[in-house]
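Worksheet for the structure shown next.
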Amino acid sequence: MTLQIRSLEEYQKEYQKSIENPANFWAEIAENFVWKKKWSKVLEYDWLQPETKWFLGAQLNITENCLDRHLDTKGDQTAIIWEPNSPSEEAKHISYKELHSQVCAFANVLKNNGVKKGDRVCIYMPMVAELAVAVLACARIGAVHSVVFAGFSSTALAARINDAACKVLLTADGGFRGDKITPLKDIADEALKTCPTIQKSIVYKRTNQEVTWNPSLDVWWHEELEKVDDNCPAEVMDSEDILFILYTSGSTGKPKGMVHTCGGYMVYTTYSFQNVFQYKEGDIYWCTADIGWITGHSYIVYGPLSSGATTVMFEGVPSYPDYGRFWEVCEKHKVNQFYTAPTAIRALAKHPTELVDKYNLSDLKVLGTVGEPINEEAWHWYDDHVGKNKCPIVDTWWQTETGGMMISSLAGITKDKPTFATLPLPGIQPVLLDNDGNEIQNTEAEGILAIKNPWPSLARTIYGDHQRYKNVYFSAYPNHYFPGDGALRDGQGNYRITGRVDDVVIVSGHNLGTAPIENAINEHEKVVESAVVGFPHDIKGNALYAYVITYDGVVPDDELAKEIRQVVSNTIGPIAKPDKIQFVSGLPKTRSGKIMRRILRKVAANETSNLGDVSTLLNPEVVQNIIDNKL
Ligand code: 6R9
């Protein structure tokens, strides 16, 4: 594969090239794709507007790159291995030829149901293979997909449908997740009561549960497929036409519909996939994310398929039927690259290592992590028990907004370092800024992370609200993209993401990031996970409140609280010792596994009557429990 960097020297050379002349660098990479028409200009941008355009004037269809171009050389190779929720159901192997045919057929279903280029299609589906088919079918005809994670409530779904004025909804009767069944059609029905723009709802049959049927709106997926053939030419898309919208939560209020466009997104996700994971022909790659998140969009669907890879899609959860499921699936499908989130690793590390050890993981070559900072303990558990100390770990820092991985080691090419995302990918120029917005020149430093130059897969706007896009990402530090994270840099230029910069608490005049305090607490051998927030304090201004989960079987007591304070004191300093430590059974998490500190802050501040919207939580039930046991 011509896109792949193969040595440290080559990385350094490519990186240099990408910074000196980004347009030439990316034009060379872009030559490796199928374009219907080449660009007239590679890059045009003005971040004071802000505006960013890549491959101007070029025409393409991303599905020709993900499907058609592989048909001659690997038509019979498996494109998607679909692993069902229940291990007793059979996995599916879908070849590139079959996937192409399914995508074209479903694209025709969309057309028959009135969908045209530029129309928005909301996808609210479980992790069935048809979800990937649906995403690609939209792209095939130039419709804009807006995938909403199938764990969101009807209110959250309706808000997203209405924000983008979607014309058609794709959903399912229900979805399997562990031992639960989510009644997706019921939830969608409830949402659609307040969604006037939806003209059709196409329902995939997965669970066979009974559903209420609205004949003026609903049609069955399988019945619609009977009416079409699988011949569907790819729509001609401009490089800067919208490929999809994906919502990400803002720190306040309404979710932000991040807009990604066709050309740059394709080039960057493919390039980063091949380089970070060092994917080789014939490898089996598994990313455990849900396609409802950006990780699933970029690194289950588009990046891998455009690379001609075999990508695993998993319907279930890591704990079902037991906590060995991930490893059982790795063994079964001979997975070579495995990509998951620290929250999953911590949950699995809580359980006996026999659950890992009993499986043959010898095919694993690369491990990856994404979504939040990984603490030292979890990193080593992953390295020791899953990677057997022979697999490089790529800690990939990026965001919904960045479209692709920004800072990460390249597996086996550049060095990994526990808890560090390490070095920027070619084309990415991170800087650290001080509180006044000045670039910190010292290599070894800590500050606010910002990106200095455009890269192809940057989200171009927030759907329908360009002003908000400007305010959130381009106003804090003019001419820089501001991701909202803090970072520190070691003497070799490796970056460690320290957490959201809005998670800073000022205690007695000292700025304390909550992330390093949590890391320190998590180092205690009896602690699984923790979350630290500030709460108002008469003398200190703010004091720290720590919520701590301990391992099963540990009886938390004052002695343990004392030890935890000591660990924090030793690691960061006495100033960072939490005033209050509450032992809890769970932490409120978003569906993508991020701790919702907003709620914990309110509980700590005794403002429990007004917790705001908790409907998007994965585990709303833990909130009451935390309130009931509040210190
Ligand atoms: C891909 C994804 C983005 C935020 C980001 C940061 C955190 C993601 C991380 C990480 C430390 C990593 N984050 N990867 N923090 N190390 N390797 O997660 O997108 O859901 O938009 O979240 O997640 O805080 O700003 P998204």
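The values are calculated or read from the model by the stated rules, or taken from the named source; none is laboratory data. None of these values were measured; they are calculated from a predicted model. Don't worry about glycine lacking a Cβ; one is built from the backbone with ideal geometry, like all the others, and counts go over all protein chains shown. Side chains are part of the model used for accessible areas, which takes the heavy atoms of the whole protein and leaves out ligands, DNA and RNA. Shrake-Rupley method; radii C 1.70, N 1.55, O 1.52, S 1.80 Å.
If you go through region 316-326 one residue at a time, do you hit one that is away from the ligand (no atom under 16 Å from the Cβ), charged (D, E, K, R) and open to solvent by less than 10 Å² (accessible area, probe 1.4 Å)?
yes
Can you tell me which residue in region 327-355 is farthest from Arg591 (Cα to Cα), limited to those that are away from the ligand (no atom under 16 Å from the Cβ) and small (Gly, Ala, Ser)?
This residue is Ala349.
Looking at (1) within 21 Å of the chain's Cα centre (by Cα); (2) more than 13 Å from the ligand (Cβ to nearest atom); (3) under 30 Å from Thr270 (Cβ atoms), which is the one condition that is false for Gly412?
Condition (1) is where Gly412 drops out.
Out of the residues in region 175-206 that are surrounded by fewer than 19 Cβ atoms within 10 Å (Cβ to Cβ) and in contact with a Phe, Trp or Tyr (Cβ under 7 Å, 6 or more places away or on another chain), which is farthest from Met127 (Cα to Cα)?
Asp179
Only one of Val394, Val386, Val370, Val431 is at negative phi, more than 13 Å from the ligand (Cβ to nearest atom) and out of contact with any Lys or Arg (no Cβ under 7 Å at 6 or more places or on another chain); which?
None of the others qualify; the one that does is Val386.
Could you grab me the full set of residues in region 473-487 that are away from the ligand (no atom under 12 Å from the Cβ) and of a type in the set (A, V, I, L, M, F, W, C)?
Correct list: Phe474, Ala476.
Suppose we filter Trp327, Trp286 for residues that are among the aromatic types (Phe, Trp, Tyr), over 28 Å from Gly142 (Cβ atoms) and part of a strand (DSSP E or B); which single one remains?
Being among the aromatic types (Phe, Trp, Tyr), over 28 Å from Gly142 (Cβ atoms) and part of a strand (DSSP E or B) holds for just one of Trp327, Trp286, which is Trp286.
Check region 517-539 and report whether any residue there is open to solvent by 20 Å² or more (accessible area, probe 1.4 Å), in a helix (DSSP H, G or I) and within 16 Å of the ligand (Cβ to nearest atom).
Within region 517-539, one or more residues are open to solvent by 20 Å² or more (accessible area, probe 1.4 Å), in a helix (DSSP H, G or I) and within 16 Å of the ligand (Cβ to nearest atom).
Could you name every one of the strands (runs of 3 or more DSSP E) located completely within region 178-234 that has at least 1 residues being over 30 Å from Ser319 (Cα atoms)?
Correct list: 200-204, 218-220.
Count, please, the residues in region 406-430 that happen to be open to solvent by 10 Å² or more (accessible area, probe 1.4 Å), farther than 27 Å from Glu523 by Cα and in contact with an Asp or Glu (Cβ under 9 Å, 6 or more places away or on another chain).
Residues that pass the stated criteria total 1.
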